[in-house]
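The values are calculated or read from the model by the stated rules, or taken from the named source; none is laboratory data. Quantities reported herein were computed from a predicted structural model and do not represent experimental measurements. In this analysis, Cβ positions are derived from the backbone assuming ideal geometry, glycine residues included, and neighbour counts consider all displayed protein chains.
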Amino acid sequence: MNFCGHPLTIETPPDRVGGQTLRDQGRLGRFLQLDELLPLLCDPLDKQSLAREGDLLRASDRIYPIVDGRPHLFPCDLARVAEFLSGPDLLRRFRSLSPMEQYCAFGMLKGSTDNNNLDPEDTWYGRHLWRACRMLQDVRGTFLDVGCDDPLLSRGLLHPDVAYVGLEPSAGTSSAMRVGGLGEFLPFRDGSFDAAGFQTSLDHVFDYQLALAEARRVIRPGGRLYLATLLWTGERAQLYTDTVHFHHFRQHQIEAALTGGFDVREVHAYGWKGDSHRFGVYLSAVRT
């Protein structure tokens, strides 16, 4: 088996690391704070510069809130969409939403179900965290974590000197700094980061090809992309059984999405829960 020209064999299950260990490490790491983030931020739609006015960020014709010290830079008013989705006669009224609001509504509906991520102390999830630590051990400089979920846990995967920015579409409860936004509409200037990663988050993104193109835009030339995701074989890959993810990726989909924008340099594959119909792939690629 080959992946982007690299031999690919399923490796034996590695060691594991506990979630609390990583959270403790994450607390010691560097998070970019709001004042440091402001020069990197831009309008998620047209990439205009933003000016801060108190608890607002303003582009020429749009404003975005700063909530509890965290910028919320979504491509539409998610509160309006959420209110719309909670109302009656949804199908008849759906046409009144703008295309962007419809797009965000799909994501909110899928994200409204219980997330089926495993507990960080689960053996299999602990093995994933070990693999991610291995993959990310050489990251330095500035790092964007797309779909960071718990930023303390995700931050603990990296060297403490890395300047970390987490982006997450859900509200969450963590006290750590993170930016609210979508992977398809990254609210950052071109070339803002030395590296970016999707740690099992890409299959939650509605338009994964756009998200990878956006990641390429915000990574400086020669910087790195780090991607961990499940790949599914033809057996039992049906998506209709899944209430959380938008995609069950086949190998050719990820290979095609990376072609032309990234040069894969290292890739590892691991079994997942003893399954024969899917496996985890962990890769690093240079932004071309």
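Take the range 170-195 and flag every residue that is in a loop (DSSP other than H, G, I, E, B) and either in the same structural domain as PHE74 (by TED's automatic domain parsing) or under 14 Å from the mean Cα position of the chain (by Cα) (or both).
Of the range 170-195, the ones in a loop (DSSP other than H, G, I, E, B) are 170-178, 181-187, 189-192.
Scanning the range 170-195 gives SER170, ARG178, GLY181, LEU182, GLY183, GLU184, PHE185, LEU186, PRO187.
Picking from GLY87, GLY54, GLY29, which residue would you name as being in the same structural domain as ASP150 (by TED's automatic domain parsing) and farther than 13 Å from PRO187 by Cβ? Don't jump to the end; show me each part of the working.
On the way: GLY87 fails: in the same structural domain as ASP150 (by TED's automatic domain parsing); GLY54 fails: in the same structural domain as ASP150 (by TED's automatic domain parsing).
Testing whether each residue is in the same structural domain as ASP150 (by TED's automatic domain parsing) and farther than 13 Å from PRO187 by Cβ leaves just GLY29.
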Original post:
Going by the conditions given, is ASP138 out of contact with any helix residue (DSSP H, G or I) (no Cβ under 9 Å at 6 or more places or on another chain), in the same structural domain as LEU28 (by TED's automatic domain parsing), surrounded by fewer than 17 Cβ atoms within 10 Å (Cβ to Cβ) and under 27 Å from LEU210 (Cα atoms)?
Top reply: yes
Subject >> Test for PHE198: is it part of a loop (DSSP other than H, G, I, E, B), at pLDDT 95 or above and either in contact with a helix residue (DSSP H, G or I) (Cβ under 7 Å, 6 or more places away or on another chain) or assigned by TED's automatic domain parsing to the domain that holds PHE279 (or both) >> reply: no
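It is to be established whether one or more residues within the range 160-169 are surrounded by 15 or more Cβ atoms within 10 Å (Cβ to Cβ), assigned to a loop (DSSP other than H, G, I, E, B) and touching a Leu at 6+ places or on another chain (Cβ under 6 Å). Explain how you work it out, then say what you get.
If we filter the range 160-169 for residues that are surrounded by 15 or more Cβ atoms within 10 Å (Cβ to Cβ), which is where we start, we get 162-169.
When the remaining residues are screened for being assigned to a loop (DSSP other than H, G, I, E, B), the result is 162, 169.
From what is left, the residues that are touching a Leu at 6+ places or on another chain (Cβ under 6 Å) are 169.
Within the range 160-169 (the criterion being surrounded by 15 or more Cβ atoms within 10 Å (Cβ to Cβ), assigned to a loop (DSSP other than H, G, I, E, B) and touching a Leu at 6+ places or on another chain (Cβ under 6 Å)), the answer is yes, since at least one residue qualifies.
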Original post:
Does at least one position in the range 233-240 carry a residue that is in the same structural domain as GLY126 (by TED's automatic domain parsing) and either within 20 Å of THR142 (Cα to Cα) or crowded, with 19+ Cβ neighbours inside 10 Å (or both)?
Top reply: no
